[in-house]
1. Can you tell me which residues in segment 19-42 are part of a helix (DSSP H, G or I) and under 13 Å from Gly3 (Cβ atoms)?
2. Could you check Glu17 against (1) under 9 Å from the mean Cα position of the chain (by Cα); (2) surrounded by 16 or more Cβ atoms within 10 Å (Cβ to Cβ) and say which number it fails?
3. Within segment 42-52, is there a residue that is surrounded by 14 or more Cβ atoms within 10 Å (Cβ to Cβ), among the acidic types (Asp, Glu) and either touching a strand residue (DSSP E or B) at 6+ places or on another chain (Cβ under 8 Å) or at pLDDT 95 or above (or both)?
4. Need the failing condition index for Val10 against (1) surrounded by fewer than 16 Cβ atoms within 10 Å (Cβ to Cβ); (2) modelled with pLDDT of 95 or more, just the number.
5. Of all the residues that make up segment 43-59, how many are closer than 19 Å to Ala18 by Cβ and not in a helix (DSSP H, G or I)?
6. I need every pair where a residue in segment 24-51 that is farther than 13 Å from Ile12 by Cβ has its Cβ under 9 Å from the Cβ of a residue that is outside any strand (DSSP E or B) and of a type outside the set (A, V, I, L, M, F, W, C), sequence separation at least 6 or different chains.
7. Pairs, please: C-beta under 7 Å, at least 6 apart or cross-chain, first residue of a type in the set (Asp, Glu) and in segment 1-23, second in a strand (DSSP E or B) and surrounded by 15 or more Cβ atoms within 10 Å (Cβ to Cβ)?
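The values are calculated or read from the model by the stated rules, or taken from the named source; none is laboratory data. Since the structure is predicted, the reported quantities are computational estimates derived from the model, not experimental observations. Note that we place each Cβ from the backbone using ideal geometry, even for glycine, and neighbour counts take in every protein chain shown.
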Amino acid sequence: MPGELIDNHVFIKDQREASQIYNKGYHGEPMSGGGLKLTLIEAALLLELGRVEVFRNKEKISIGE
């Protein structure tokens, strides 16, 4: 599930994918119109577990970046 790093949050824009993450017990903050806003800590955990991929400026990033 792709997420986009913007400032200090990761945004999952696809509504279906955002719902899957949120409904599996990962917190995040649902956004109006669908999507999910994750803190950096939440995104790092999901990235480490292989549940999301995080992109910055269309480049995939890893935990160490």
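1. Taking segment 19-42 as the starting set, the residues that turn out to be part of a helix (DSSP H, G or I) are 19-23, 40-42.
Residues satisfying the conditions are Gln20, Ile21, Tyr22, Leu40, Glu42.
2. So the condition that Glu17 fails would be (1).
3. yes
4. Tallying (1) surrounded by fewer than 16 Cβ atoms within 10 Å (Cβ to Cβ); (2) modelled with pLDDT of 95 or more, Val10 fails exactly one: (1).
5. The total comes to 8.
6. Listed pairs, sorted by first residue: Leu40/Asn8; Leu45/Tyr26; Leu45/Arg51.
7. Every condition considered, the pairs that remain are Glu4/Val10; Glu4/Phe11.
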